[in-house]
Amino acid sequence: GQQLNQSPQSMFIQEGEDVSMNCTSSSIFNTWLWYKQEPGEGPVLLIALYKAGELTSNGRLTAQFGITRKDSFLNISASIPSDVGIYFCAGQYELITGKLIFGQGTTLQVKP
Amino acid sequence: DTGVSQNPRHKITKRGQNVTFRCDPISEHNRLYWYRQTLGQGPEFLTYFQNEAQLEKSRLLSDRFSAERPKGSFSTLEIQRTEQGDSAMYLCASSQDTGTVGYTFGSGTRLTVV
């Protein structure tokens with residue numbers, strides 16, 4: 001079935017460092033989204049991307065929708081301890097249903 | 001409105017027992033989704049409703065699973081004859097029509113089958 005490959009699987013960084021993670025797919029998506037999940041909670045939407053080549057920022061977060069529509073990346077600048085969590089990419093290829101396909105997640109740990 | 005509400009937050013059950021989870025979506029959202037998340041993985045789509053109509057079911061939703069959304073408001077997900085492989089976080093989400101910007105997840109129900 002449809003799968004998204006997300007990398008890296010985990011990251012352990014120093015506070016203040018920049019972080020980059022990406023997601024690739026064998027299929028084209030119409031929408032890419034990035035979510036953050038903290039322990040015991042549901043995913044929270046960070047950024048939504050709707051057009052190929054689109055670059056969108058949300059505070060210290062920047063995400064891009066790949067030109068081929070098969071990939072996306074998320075950058076976090078100047079990381080802080082509260083950035084800790086699991087980051088998921090998600091693709092939507094069925095506009096009618098709104099159904100999402102999620103990547104396996106990138107676990108981020110930030111050392112103060 | 002405090003968002004998508006799911007109950008219970010945690011459920012431990014013995015193998016073979018039936019369990020039912022409830023989801024209360026954001027009141028003005030007419031779409032409701034169920035996802036399952038196992039440890040170390042991203043959420044996987046199970047099914048979704050447009051108002052009271054169940055419009056799509058994943059092949060992950062075996063015949064032991066049934067979901068309902070009477071009157072297009074809250075939804076229930078029932079698992080009959082639970083198996084250890086059913087242990088997972090069950091997430092509910094809601095949105096308005098086809099827009100994913102308003103795709104709001106609840107905190108989930110953690111099911112452990114012993």
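The values are calculated or read from the model by the stated rules, or taken from the named source; none is laboratory data. Everything quoted here is computed from the prediction, not taken from an experiment. Here the Cβ is made from the backbone with ideal geometry for all residues, glycine too, and neighbour counts use every protein chain on show.
Search segment B:105-114 for residues being surrounded by fewer than 20 Cβ atoms within 10 Å (Cβ to Cβ) and in a strand (DSSP E or B), and hand back the single one that is farthest from the other protein chains (Cβ to nearest Cβ).
So, considering only residues that are surrounded by fewer than 20 Cβ atoms within 10 Å (Cβ to Cβ) and in a strand (DSSP E or B), the one farthest from the other protein chains (Cβ to nearest Cβ) is B:V113.
Restricted to segment A:87-105, and to residues that are more than 9 Å from every other protein chain (Cβ to nearest Cβ) and within 15 Å of A:L46 (Cβ to Cβ), which residue is surrounded by the fewest Cβ atoms within 10 Å (Cβ to Cβ)?
For segment A:87-105, the residue satisfying everything is A:Y87.
Provide a single number: the residues in segment A:1-33 that are under 14 Å from A:G85 (Cβ atoms), within 12 Å of chain B (Cβ to nearest Cβ) and touching a Leu at 6+ places or on another chain (Cβ under 7 Å).
So the count comes out to 0.
Inside segment A:99-112, can you point out the residues that are closer than 21 Å to B:Y103 by Cα, part of a loop (DSSP other than H, G, I, E, B) and touching a residue at least 60 places away in the same chain (Cβ under 8 Å)?
A:L100, A:G103, A:Q104, A:G105
Sort out for me the strands (runs of 3 or more DSSP E) sitting completely within segment B:40-96 that have 2 or more residues that are of a type in the set (D, E, K, R).
B:53-57
For segment A:87-101, check the following and say yes or no: at least one residue is under 15 Å from A:N22 (Cα atoms), touching a strand residue (DSSP E or B) at 6+ places or on another chain (Cβ under 6 Å) and of a type in the set (S, T, N, Q).
Looking through segment A:87-101, none of the residues is under 15 Å from A:N22 (Cα atoms), touching a strand residue (DSSP E or B) at 6+ places or on another chain (Cβ under 6 Å) and of a type in the set (S, T, N, Q).
Can you tell which of B:S94, B:S27, B:S62 is closer than 15 Å to B:V4 by Cβ, more than 11 Å from the chain's Cα centre (by Cα) and more than 10 Å from every other protein chain (Cβ to nearest Cβ)?
Only one candidate passes the filter, namely B:S27.
Taking B:G99 and the conditions (1) among the small types (G, A, S); (2) part of a strand (DSSP E or B); (3) modelled with pLDDT under 95, which numbered condition does it fall short on, given that it satisfies the others?
Unmet for B:G99, out of (1) among the small types (G, A, S); (2) part of a strand (DSSP E or B); (3) modelled with pLDDT under 95: (2).
Step by step: first the residues of segment B:46-59, then only those that are touching a strand residue (DSSP E or B) at 6+ places or on another chain (Cβ under 6 Å) and closer than 29 Å to A:Q9 by Cβ, then the one that is surrounded by the fewest Cβ atoms within 10 Å (Cβ to Cβ). Which residue is that?
B:S58
Does segment B:70-80 contain any residue that is free of Cβ contacts under 8 Å to residues at least 40 places away in the same chain and more than 10 Å from chain A (Cβ to nearest Cβ)?
Taking every residue of segment B:70-80 in turn, at least one turns out to be free of Cβ contacts under 8 Å to residues at least 40 places away in the same chain and more than 10 Å from chain A (Cβ to nearest Cβ).
Mind telling me which of the residues A:L49, A:L45 ends up being free of Cβ contacts under 8 Å to residues at least 24 places away in the same chain, within 14 Å of chain B (Cβ to nearest Cβ) and surrounded by fewer than 19 Cβ atoms within 10 Å (Cβ to Cβ)?
Only one candidate passes the filter, namely A:L45.
For B:Q54, only one of the following conditions fails: (1) over 22 Å from B:T13 (Cβ atoms); (2) in contact with a Phe, Trp or Tyr (Cβ under 7 Å, 6 or more places away or on another chain). What is its number?
(2)
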